[in-house]
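Here the structure comes first, spelled out in structure tokens, and everything after it is commentary.
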Amino acid sequence: MHTNIDTLFENLWQDYVAITPSAKKVHELLGGGEELINDHVAFRTFNIEKVNLEKLAAHFRALGYEEKGQYDFEQKKLKAKHFEHPNDDQPKVFISELLVEEFSDEVQAIIRKMVDEVPDGATDADNFLYSGTYWSVTTEEYERLLEESEYAAWMSAWGYRANHFTVSVDKLKGYEDLAAVNEALKQAGFTLNTSGGEIKGGPEVYLAQSSTMADKFKVSFKDADKEIPSCFYEFAQRYTLPNGKTYTGFVAASADKIFESTNAK
Ligand code: OOG
Ligand code: NI
């Protein structure tokens, strides 16, 4: 486990930009060389005990993070939790897990074979959260997973790493709101996720979100190389609750659409 939050996020960022070239460009466009404040970082996994959500969460709990919310995505067959650090300058963490038992026997078998390759104890290692895959699937297996779950296919190719970083629009200088950020991104040529509208949520749910569509990046599958969606960048604007505090949770209906940022189209 990491003992230092800043080192962990720095390592996660370096791993993420290595397969997400547009993230660096977005960072330059919005930050202009200055530090950007992250609203949250997100991770994916399977609900198989060896690698489940709690195995990832343990790394953050050890750093003082606390569980604050739970979310269900019935159609996508996913569950998620979010975690917050007592120091609210630290990014929130969103971790989801795929409900493996809800898929066909064939898809379950591919996933179980992958997870069998994870050595015991790997999930406790310092670098687990940016360790990628412990397995190698064929392009045929990848396509088979894709038929039932884009999330499962993404995991088979990319494994354990930050799936996205999220710019905190509230703490971003020079932009009035999320719509202004989206305009700047589109003018610079970035493709936004339009599933459920360019802006998901809004003041009525105290959280507005948008995201780029994931970059395409080469993966060496067992049998061949193939360019597939890697990671994306998200933008979040939070609103003040009637009690005067900023909303710190997530919104399942919006998250459902953000997941689709790694779709191929
Ligand atoms: C997570 C999608 C949900 C959010 O902020 O609502 C999400 C994912 O794509 O793994 O990040
Ligand atoms: Ni997110």
Response to the item:
Sorted by chain and number, the residues with a modelled amide H under 5 Å from that of GLY69, at a separation of 5 or more or across chains, are HIS82
Discussion item. Suppose only helical runs count, i.e. DSSP H with n ≥ 4. What mean residue ellipticity at 222 nm does that imply for the chain under -39500 (n - 2.57) per run, divided by all residues and rounded to the nearest 500 deg cm²/dmol?
Written reply: -9500 deg cm²/dmol
Worksheet item: Taking a threshold of 24 Å on the Cα-Cα distance, which of the pairs LYS68/LYS245; LYS24/LYS245; LYS25/LYS76; LYS76/LYS245; LYS25/LYS222 fall above it?
Response: LYS24/LYS245; LYS25/LYS76; LYS76/LYS245; LYS25/LYS222
Worksheet, complete the sentence: Filtered hits (aspartates and glutamates, Cα-Cα < 12 Å from LYS265, offset >= 8 within chain) -> GLU150, ASP215
Worksheet item: When only Cα pairs under 8 Å and 6 or more residues apart are kept, what is the percent relative contact order across the chain?
Response: 21
Discussion item. With only alpha-carbon atoms in the gyration tensor, what are the semi-axes of the equivalent ellipsoid for the range 114-201, in Å, largest first?
Written reply: 34, 19, 10
Worksheet item: Residue separation times 0.36 nm, minus the C-alpha to C-alpha distance between GLU102 and ASN87: what's the value?
Response: 1.7 nm
Fill in: the range 127-143 - phi-based ³J(HN,Hα) in whole Hz, Karplus 6.51/-1.76/1.60, Gly and Pro as x
8, 3, 5, 9, 9, x, 9, 10, 10, 9, 10, 7, 4, 5, 5, 4, 5
Worksheet item: For the chain, what are the per-bin percents of Cα-Cα distances with bins 10 Å wide, up to the bin holding the maximum?
Response: 7, 31, 38, 20, 4, 0
Worksheet item: Once you charge only the Cβ atoms, +1 for Lys and Arg and -1 for Asp and Glu, what is the size of the charge dipole of the chain about its Cα centre, to the nearest 20 debye?
Response: 380
Practice prompt. Give the long-range amide H neighbours of ASN47: residues separated by 5 or more places, or on another chain, with amide H under 5 Å away, using H modelled in the peptide plane at 1.01 Å from N.
Written response: LEU98, VAL100
Worksheet entry | Projected-area average for the range 50-168 over all orientations - Cα convex hull basis, square nanometres | 7.8
Response to the item:
Once phi for every residue in the range 171-181 is put through the Karplus expression 6.51 cos²θ - 1.76 cosθ + 1.60 (θ = phi - 60°), the whole-Hz ³J(HN,Hα) values, with Gly and Pro written as x, are 9, 8, 8, x, 10, 6, 7, 4, 4, 5, 5
Fill in: Rg ratio (alpha-carbon, reference 2.2 N^0.38 Å) - the range 128-265
1.18
Worksheet, complete the sentence: Expected vector for the range 12-19, Karplus 3J(HN,Hα) from phi with 6.51, -1.76, 1.60 and θ = phi - 60°, integer Hz, x for Gly and Pro, equals 4, 5, 4, 5, 5, 5, 4, 10
Fill in: Long-range amide H partners of TRP135 with built H, under 5 Å
none
Worksheet entry | Size of electric dipole in the range 1-114: Cβ of Lys, Arg +1 and of Asp, Glu -1, about Cα centre, debye, nearest 20 | 380
Worksheet item: Could you name the aspartates and glutamates in cross-link range of LYS113, using Cα to Cα under 13 Å and dropping any fewer than eight places away on the same chain?
Response: ASP105, GLU141
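A short reminder: the numbers here are calculations on the coordinates, not readings from a lab. The structure displayed is predicted, hence computed values, not measured ones. Ideal geometry is used to build each Cβ from the backbone, glycine not excepted, and the neighbour counts take in all protein chains shown.
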